[in-house]
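Take a look at the structure set out below.
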Protein chains: 2
Amino acid sequence: MSDTTHIQLAHGGGGQLTAELIEQVILPALGGPQKTGELTDSAVLDAPSKRLALTTDSYVVHPLEFPGGDIGKLAICGTVNDLAMAGALPTALTMALIIEEGLEIALLKRILESAGRTAAQAGAPIVTGDTKVVPRGMLDALMINTAGLGDVLAGADLGFQRVLPGDSIVLSGPLGEHGLAVMARRKGLSFSSDLLSDCTPLSQPAAALVEALGGELHFMRDPTRGGLAATLADLAGGSSHNVEIDEASIPINPTAIAAAEILGLDLLTVANEGKLVAVVSAKACDTALRVLREYQVAREAAEIGRIVGQTDTGQLPLVEMITKIGGRRIVQMPYGEELPRIC
Amino acid sequence: MSDTTHIQLAHGGGGQLTAELIEQVILPALGGPQKTGELTDSAVLDAPSKRLALTTDSYVVHPLEFPGGDIGKLAICGTVNDLAMAGALPTALTMALIIEEGLEIALLKRILESAGRTAAQAGAPIVTGDTKVVPRGMLDALMINTAGLGDVLAGADLGFQRVLPGDSIVLSGPLGEHGLAVMARRKGLSFSSDLLSDCTPLSQPAAALVEALGGELHFMRDPTRGGLAATLADLAGGSSHNVEIDEASIPINPTAIAAAEILGLDLLTVANEGKLVAVVSAKACDTALRVLREYQVAREAAEIGRIVGQTDTGQLPLVEMITKIGGRRIVQMPYGEELPRIC
């Protein structure tokens, strides 16, 4: 008798077993249509507004489930948030699964149900997908790709080129919770229940910023892999302006600080999955903070720094942090991979 | 000194090494923009026509290079062809790489250059992407996801519900070349140079069919995983009509037939990556064949069968093949995976 509790290679053959997996496990878990007979390889959609955003990310996080989330929730949040950072609301998502032969089907169901719930919460319908199964040992358990199509809000005018000296830099909440929650689970460490991944869709606060600030909102990015350090280094490099942040103004989660010390990590370089960095004109900063703080996920939003002009031409733009004791520290683009498989 | 010829885990960290990999290897190979500083996580596009097609596929083919193609070419063709089958021309592609630590960078370059060439040939710009690196042993070498956004041609009106009894079924060329070329390479068999993967973009012949036939073109699908058997079983199930094909009319590649016999495979279930099945009204069949045969990749297009009404209500729709000796054989949806990692 064939094993009905674990994924078999035959589930990926494009035949009857693939159809059964999609009909009996994947679609019900995601909350989608109920028959593969109605499915084709492409979804056909009415075009949204005049400008579209298109994004893709693969998720390879290990372990698949971690405090505050799992790879399914992450695969929705990460992609929805990339759209949100482009000033776009999600119109449609794709979801492509690569599964290792032998994966427990109950685990797959939990992950897809979590993805389905998160997609519904984010107002992002999953419209098409793909399922591949590879032989045991050829892939670690499960990897997911989601691509996202978004409708760019009319008032959004974002980009490195819009960033100006004097602009304020806003961060929506404390750093490092996603990366630390995953690392703690991976290493079998248990901190207090306060240390959960911050994995969450940011479409609503991001759209609210676009709506409230219009042209005063110049740039948004979610500080995922590489953390705030990578986001700010990109911001400096992309805009050709220096960036200055104040350590004392960065929102903190005391448990995250303790966890980062135990794990030997710099909070500035740890991945977040539910935070945004916004660059806004100085005069719009108070409005930005007020708008963000209306959302539970951004209630600790703070102004953490500013864009400053380059003093010397010919120098590469820098990110500097004014430390709590008044010193200056250069924040560098992380070199490589401190935390493999964090997202 | 760090190894500069193979992918390191640090290439996936979202930091400086990731930027170098993208700037020095990925973007030049794909023929894209030359600076990561200009890149954001989403591409923003002008919306095409009123109807969009959206699709996704992951590619896990093994080996990465095979006679007639490689995973890069395949990742473009497969996704472009899913759009083509929806009556859409490609507007934008995403490309997400998951790379195993230790992959040879020269191999990655060859694959990406092949992808870039194929995308250019298909008129499908790669507008955004993602790169993840996982530790050695967690993934076999390289897997690629491409999602595709397409502009549905005005005249396209396709779907299972449009398939009617009496319609003709057209196949654009001989079966099984992709699956057999990959399997032969995997098993170290060498057939003649005639056995190459048929991997090719089908946007042009598909669009020509839409243009020439308009409402007389009822359905298209590319017979990839599961082969023609899976495509016809889906067609019967989705349309609730019986399907009948004539074995003698199916275009053949004699080398493929020999290879299938040696490998013990049924050509009807072997994957193709450059063929299409079209269901057209009987009166438009000659036009369809004439249009397809103008394209080198479809010069052997043939009418292979027809849609027939169901004789008994309550019975499940069937696919039957009239064999060369005049018998009848039921063509079943393949059960599972005959050929893992074929695409």
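The values are calculated or read from the model by the stated rules, or taken from the named source; none is laboratory data. Predicted model only: the values in this text are computed from it and were never measured. Here the Cβ is made from the backbone with ideal geometry for all residues, glycine too, and neighbour counts use every protein chain on show. Just so you know, the surface numbers come from the protein's heavy atoms only, side chains and all, with ligands and any DNA or RNA stripped out. Shrake-Rupley method; radii C 1.70, N 1.55, O 1.52, S 1.80 Å.
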Would you calculate the separation in nanometres between label points at B:Arg329 and A:Ser190, each defined as 7 Å from the Cα along the Cα-to-beta-carbon direction? 6.1
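For Cα pairs less than 8 Å apart in space and 6+ apart in sequence, what is the mean separation divided by the residue count of the stretch B:47-130, i.e. the relative contact order in percent?
Working: 75 pairs, mean separation 29.5, N = 84.
Reported as a whole number, the value is 35 percent.
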In sequence order, what are the phi-derived ³J(HN,Hα) couplings for the stretch A:145-153 according to the Karplus relation 6.51 cos²θ - 1.76 cosθ + 1.60 with θ = phi - 60°, rounded to whole Hz, with x for glycine and proline? 10, 10, 10, x, 10, x, 9, 6, 4
Nothing charged except the Cβ atoms of Lys and Arg (+1) and of Asp and Glu (-1): what's the magnitude of the dipole of the protein assembly as shown about its Cα centre? Round to the nearest 20 debye. 120
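Antiparallel versus total DSSP beta bridges in the stretch B:31-152: what percent is that, nearest 5?
70
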Residues whose built amide H sits under 5 Å from the amide H of A:Val243, excluding neighbours closer than 5 in sequence, are A:Val308, A:Leu318, A:Val319, A:Glu320
Only four residue types carry charge here, +1 at the Cβ of Lys and Arg and -1 at the Cβ of Asp and Glu. Report the dipole size of the stretch A:88-160 about the Cα centre in Debye, rounded to the nearest 20. 160
Which one of B:Leu74, B:Ala147, A:Ile99 is farthest out on the positive end of the charge dipole of the protein assembly as shown, using unit charges on Cβ (Lys, Arg +1; Asp, Glu -1) and the Cα centre as origin? B:Ala147
Given a 1.4 Å probe, show me the residues in the stretch A:82-104 buried by at least 20 Å² of accessible surface when comparing the whole protein assembly to the chain alone. A:Asp82, A:Ala86, A:Thr94, A:Ala96, A:Ile98
Gyration tensor verdict on the stretch A:160-330 (Cα atoms; rounded if a/c is under 1.5, prolate if a/b is larger than b/c, oblate otherwise): oblate
So for chain B: antiparallel DSSP bridges make up what percent, rounded to the nearest 5? 75
To test your reading of the geometry: what angle, between 0 and 90 degrees and rounded to tens, separates the Cα axis of helix A:254-263 from the longest principal axis of chain A? 70
For the stretch B:1-134, max minus min Cα coordinate along each principal axis, in Å, sorted largest first? 54, 37, 22
Crossing angle, helix B:105-122 versus chain B [Cα axis fit, 0-90 degrees, rounded to tens]: 50
If each K or R counts +1 and each D or E counts -1, the residues other than B:Asp286 whose Cβ falls under 12 Å of its Cβ total +1
Using the Cβ atoms and a cut-off under 14 Å, what net charge is assigned to the surroundings of A:Ile325, where Lys and Arg are +1 and Asp and Glu are -1? +1
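Rounded, prolate or oblate: pick one for the protein assembly as shown, where a ≥ b ≥ c are the square roots of the eigenvalues of its C-alpha gyration tensor, a/c under 1.5 means rounded, and failing that, prolate if a/b is larger than b/c, else oblate.
Details: a/c = 2.03, a/b = 1.88, b/c = 1.08.
Prolate, since a/c reaches 1.5 and a/b exceeds b/c.
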Once normalised by the length of the stretch B:1-158, the mean sequence separation of its alpha carbon contacts under 8 Å that are 6 or more apart gives a contact order in percent of 37
Measure of size requested: the Rg and Dmax of chain A, with Cα atoms as the atom set and Å as the unit; please supply both. 21.0, 74
Test item: B:146-154 mean partner chain Cβ contacts at 10 Å: 4
Quick one: if you stick a label point 7 Å off each Cα along the C-beta vector at B:Ser49 and B:Ala258, how many nm between them? 4.5
Filter on A:Lys50/B:Lys283; A:Lys132/B:Lys283; A:Lys73/A:Lys132; B:Lys109/B:Lys275 - keep pairs with C-alpha separation over 31 Å: A:Lys50/B:Lys283; A:Lys132/B:Lys283
Using a loss threshold of 30 Å², tell me which positions in the stretch B:318-336 are less accessible in the complex than in their chain alone. Probe radius 1.4 Å, ligands and nucleic acids ignored. B:Met333, B:Tyr335, B:Gly336
Between the label point of A:Gly264 and that of the same position in each other copy, find the distances and list them shortest first in nm, with every label point placed 7 Å from Cα along the Cα-to-C-beta direction. 5.2
Counting helices only, and only those DSSP H runs with n ≥ 4, report the 222 nm mean residue ellipticity of chain B as the sum of -39,500 (n - 2.57) divided by its residues, in deg cm²/dmol to the nearest 500. -8500 deg cm²/dmol
1/(1 + (r/R0)^6) with r = Cβ-Cβ of B:Ala282 and A:Ser240, R0 = 60 Å, i.e. FRET efficiency to nearest 0.05, evaluates to 0.40
With every protein chain in place, chain B: carbon and sulfur % of accessible area (1.4 Å): 51
What angle, in degrees between 0 and 90 and rounded to the nearest 10, separates the Cα long axis of helix A:203-213 from the longest principal axis of the Cα atoms of chain A? 30
Let me make sure I get this right: for the stretch A:58-192, a, b and c are the square roots of the gyration tensor eigenvalues over alpha carbons, sorted descending. Under 1.5 in a/c it's rounded, otherwise prolate if a/b > b/c, else oblate. Which is it? oblate
Select from the stretch B:1-31 all residues whose loss of accessible area on going from the chain by itself to the full protein assembly reaches 50 Å² or more (probe 1.4 Å). B:Gly13, B:Gln16
B versus A: buried accessible surface, summed, Å² (probe 1.4 Å, to nearest 100): 5700
